[in-house]
Amino acid sequence: MLLMEGHNNPQIPKMRVLVICTGNSARSIMAEALFNTVGGSLFQAYSAGSRATGKVNPLALEQISQLDVPDTTALRSKNWDEFTQPDAPELDLVLSVCDSAASEPCPVFTGDYERLHWSFPDPAGSSDDLEEERANFARCFNDLKARIESLTTMLSSSNSKATLCKAMRSLSP
């Protein structure tokens with residue numbers, strides 16, 4: 001069982017999380033960036049989509065710019081099939097952040113992973129008014145950030161995958 005002592009011990013592996021969504025252009029991209037910054041001592045996050053759009057929504061990048069992300073060009077919209085390849089990272093957790101992706105049959109990914117779901121409304125295309133849509137992106141980003149911050153606060157320096165999953169389920173409304 002993988003232990004997460006990533007806070008101060010770089011020799012212990014981080015929990016590898018794949019955040020999935022349908023388009024992999026907004027919610028899952030923001031969650032990937034947040035897990036890797038806010039939860040970076042505990043997590044190595046990736047994101048993908050069942051039907052990836054191939055581009056990151058500029059309003060998602062606007063929100064991510066608040067974080068200390070060294071290279072936002074590394075954030076890209078990609079199909080979840082990339083994580084079924086032989087050279088893909090082994091996963092500990094597959095987290096869906098949209099109801100549509102949660103109900104789709106997932107491919108088999110590499111690793112002994114748990115599957116969890118956090119439901120977030122899609123901010124992309126949520127309004128014809130740019131400022132309202134921008135506000136929806138900010139709300140989604142802040143909700144994701146609060147949940148990931150709560151999660152990292154809840155976890156001590158040596159938690160199992162089961163403890164992580166229990167903590168994540170407790171944060172799902």
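Structural remarks
- Residues of segment 54-112 that are open to solvent by 70 Å² or more (accessible area, probe 1.4 Å), farther than 25 Å from residue 141 by Cα and assigned to a loop (DSSP other than H, G, I, E, B): 85, 86, 87, 90, 105, 108, 112.
- For residue 138, the conditions (1) open to solvent by 80 Å² or more (accessible area, probe 1.4 Å); (2) more than 19 Å from residue 17 (Cα to Cα) are fulfilled apart from (1).
- Inside segment 125-139, residues that are small (Gly, Ala, Ser) and outside any loop (DSSP other than H, G, I, E, B) make up a count of 2.
- Close pairs from segment 91-119: first at pLDDT below 90 and among the aliphatic types (A, V, I, L, M), partner in a loop (DSSP other than H, G, I, E, B) and surrounded by 15 or more Cβ atoms within 10 Å (Cβ to Cβ), Cβ under 8 Å, at least 6 apart: 101/22; 101/50
- Of all residues making up segment 6-53, the number that are in a loop (DSSP other than H, G, I, E, B), β-branched (Val, Ile, Thr) and at pLDDT 90 or above: 3
- Hey, residue 156 modelled with pLDDT under 90, in a helix (DSSP H, G or I) and either among the charged types (D, E, K, R) or out of contact with any Ser or Thr (no Cβ under 8 Å at 6 or more places or on another chain) (or both) or not: no
- Selection status of residue 144, crowded, with 19+ Cβ neighbours inside 10 Å, touching a helix residue (DSSP H, G or I) at 6+ places or on another chain (Cβ under 7 Å) and at pLDDT 80 or above: yes
The values are calculated or read from the model by the stated rules, or taken from the named source; none is laboratory data. Worth saying up front: this structure is predicted, and the values here are computed from it rather than measured. Every residue, glycine as well, gets a Cβ built from its backbone with ideal geometry; the counts of neighbours run over all protein chains shown. SASA here: full protein model, heavy atoms, side chains in, ligands and nucleic acids out. Shrake-Rupley method; radii C 1.70, N 1.55, O 1.52, S 1.80 Å.
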